[in-house]
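Structure first, commentary second.
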Amino acid sequence: MQPVLSIQGISKSYGRIQALNQVSFDVPAGCVFGILGPNGSGKTTLLSILLDILRADAGTYRWFGEPGSPASRQKIGSLLETPNFYHYLSAVDNLNITQAISGRGTPADIDQVLEIVKLSARKKSKFSTYSLGMKQRLAIAGALLGNPDVLLLDEPTNGLDPVGIAEIRELIKQLAREGKTIIMASHLLDEVEKVCTHVAILKKGTLLTAGPVDEVLSNEDIVELSASNTDQLGQILSAFAGPSHIKRDGDLFELFYPVGTARLDEINKTCFEKGVALNRLLLKKKSLEAKFFELTND
Amino acid sequence: MLSLIKIEWLKIKKYPAFWWMLGIVTLTYPGINLMFYYVYQDIVSEKNTRGIAKLFLGNPFAFPETWHSVAFFSSFFIVLPAILVIMLVTNEYNYRTHRQNIIDGWSRNNFISSKLADVLIVSLIVTIVYLLTALSYGLYADTSTINRWAEQLQYIPLFYLQTFAQLSIAFLLGYIIRKAFIALGIFLFYNIVVENIGVAWLKYKANDIGEFLPFEISDRMIPVASFIGNFGKDAKEGYDRAVAAIVPHVLMTIALTSLIWLICYRIHKRRDL
């Protein structure tokens, strides 16, 4: 299947600072694609290039198999960096402009998207009177207008309160279930971990890795276990053949296995046969946070 | 273009500064002309040769001279619509909607075309106010010349072109500087102080090359109303020279204004937003 977005060798510099260096990856249709990176890693620069806000120094990108164009942008619901609206206009008047430029949806759909982001009660208030969270909600409403098949969201939960963050996460998951392609930049790792199926990690403008979350993150299975008799458990584990290495942290042991080779039932059985009853046995994927630090630390 | 204009109207119709500008223009254009109307009344009532000389010129607020006189006096107030034009472009930077419009699906050319439409429309509105003002004075000042209303109508398109040309300069400043107050400050200081002094100084020092300064190029499409000009023995000659300069200045104005918009399209196509 043709990727929704294909990026080839994009580079961009601001004077001497190389913001992006030969970045290439594809975004398959129907995935939730997280673009991760620390502050200043080039996430927003990359998204800005994809929306023709910035000019790339080199490289190309294709939306829906075609070079980027106004027509392709009209099909994408986008939220880039900050909510950008006319301060003296109301939510409805602002979305009327979004609707007129993008051609997405109808004026009647505006009420519907304002309902989704819970702004209906204030839809006639001027944008300048909105709180940061409300502005962000309006920007999300603008992206949702006309139910586009592709959404591009830069830090979508910026400025939202915890309830708002949970709502937007739920919304993203729901949209993903409907088959939408969602491209999302974030520096909030748990946000990406909770909703993304694919991930790309950027550091100082260089792409470190990209692909399905499972592939990128789980190059190791970690089995976490403990028992009341810690020393005896330690002796049993040291005789194990399977794990590449074992770590002890107080009463807790961590066994590291190559992906897909940890067998919890066998570990449990062996320990029990040797007279140790486990009070904890858990298979963990390496957390995105751990992977992220591993990748981005020098 | 029509769809761009519709979208610009969505932006403008609830913009308070637009209605303020319209209100102020509709008050000041008739107002400034009223002032000069009284100046003229004073001159003709003087019992000296100067007053009698003016009498021969005819009433500048009667048809057909009203088209010319009102155009000349109204053009002093180009700063009013210029403020609006500068606000309309710097707002887009301030609200970062110049990016959002592109994100939502305009091309970069669409954005500049939409602003070009704004300037054309503001110029049109100002010209309509001028037209109504000139018409009212023509009807009021001297009923005996009403049958000559159709003479000198060329001042209507000339006024429109002058307004559009000077507002285009205001747009360029707002577009390049991006900050409303700095752009406005430069516009006002240059338009009111620098260029006037420059033109006057160059007239005596450098063979009048001040006529090629950006505002003067279009100012000279509408010669100074004859009754406030300096009247010496060269008066007739000076006035004829001014009239002869209209056509070259129309051509220069079109060239300069085209260049301004070409620059805007070019820059916008290439720069990071």
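The values are calculated or read from the model by the stated rules, or taken from the named source; none is laboratory data. On a predicted model such as this, the values are computed, not experimentally measured, just so you know. For neighbour counting, all protein chains shown are included, and Cβ atoms are generated from backbone atoms with ideal geometry for every residue, glycine included. Note: areas computed on protein heavy atoms with side chains; ligands, DNA, RNA excluded. Shrake-Rupley method; radii C 1.70, N 1.55, O 1.52, S 1.80 Å.
Overview of results
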quantity: Estimated dipole of the range B:2-270 in Debye, rounded to 20 [Cβ of Lys and Arg +1, of Asp and Glu -1, Cα centre]; calculated: 980 debye
quantity: Candidate lysines - alpha carbon under 26 Å from residue A:203, same-chain residues fewer than 8 apart omitted; calculated: A:12, A:43, A:194, A:284, A:285, A:286, A:291
quantity: Neighbour net charge for residue B:166 - beta-carbon separation under 14 angstrom, K R +1, D E -1; calculated: -2
quantity: Where only C-alpha atoms are counted, convex hull volume of the range B:2-270 per residue in Å³; calculated: 138 Å³
quantity: Rounded accessible area of residue B:96 (nearest 10 Å², 1.4 Å probe); calculated: 80 Å²
quantity: Top of B:123, B:74, B:144 by mean-square fluctuation, Gaussian network on chain B, Cα under 10 Å; calculated: B:144
quantity: Hz values of 3J(HN,Hα) by residue in the range A:13-23 - Karplus curve (6.51, -1.76, 1.60), Gly and Pro given as x; calculated: 10, 10, x, 8, 8, 8, 7, 9, 10, 6, 8
quantity: Residue among B:82, B:154, B:28 farthest towards the positive dipole end of the range B:2-270, charges placed on Cβ; calculated: B:82
quantity: Kirkwood-Stokes translational diffusion coefficient of the protein assembly as shown, alpha-carbon pairs, 20 °C, 1.002 mPa s, µm²/s; calculated: 75 µm²/s
quantity: Within 10 Å of each Cβ in B:90-102, the average number of Cβ atoms from other chains; calculated: 5
quantity: Per-residue SASA entry for residue B:211, accessible area with 1.4 Å probe, Å² rounded to 10; calculated: 40 Å²
quantity: Residue-count net charge about residue A:120 - beta-carbon cut-off 12 Å; Lys, Arg +1, Asp, Glu -1; calculated: +3
quantity: Expected-Rg normalisation [2.2 N^0.38 Å, Cα atoms] applied to the range B:71-137; calculated: 1.40
quantity: Cβ charges +1 (Lys, Arg) and -1 (Asp, Glu), total dipole of the range B:155-222, debye; calculated: 220 debye
quantity: In Å², nearest 10: area of residue A:55 left accessible to a 1.4 Å probe; calculated: 80 Å²
quantity: Rounded percent of accessible protein surface that carbon and sulfur make up, the protein assembly as shown, 1.4 Å probe; calculated: 60 percent
quantity: Cα centroid of the range A:1-78 to Cα centroid of the range B:185-218, whole Å; calculated: 48 Å
quantity: Net +/- balance of residues flanking residue A:174 in space, Cβ distance below 12 Å, scoring K and R +1, D and E -1; calculated: +1
quantity: Surface per residue (accessible, 1.4 Å probe) for the range A:1-72, Å²; calculated: 42 Å²
quantity: Accessible-area order (highest first, 1.4 angstrom probe) of the listed residues B:95, B:140, B:204; calculated: B:204, B:140, B:95
quantity: Alpha-carbon Debye profile of the range A:32-181, log10 I(q)/I(0) at 0.11, 0.15, 0.17 Å⁻¹; calculated: -0.42, -0.79, -1.03
quantity: Dimensionless Rg/Rh of the range A:140-184 - Kirkwood Rh, Rg from C-alpha atoms; calculated: 0.94
quantity: Ratio of Rg to Rh over chain A (Cα coordinates, Kirkwood Rh, two decimals); calculated: 1.09
quantity: Candidates A:79, A:138, A:160: whichever shows maximal mean-square fluctuation once chain A is modelled as a Gaussian network with Cα springs under 10 Å; calculated: A:160
quantity: Max mean-square fluctuation residue, GNM over chain A, Cα-Cα springs under 10 Å, options A:20, A:46, A:171; calculated: A:171
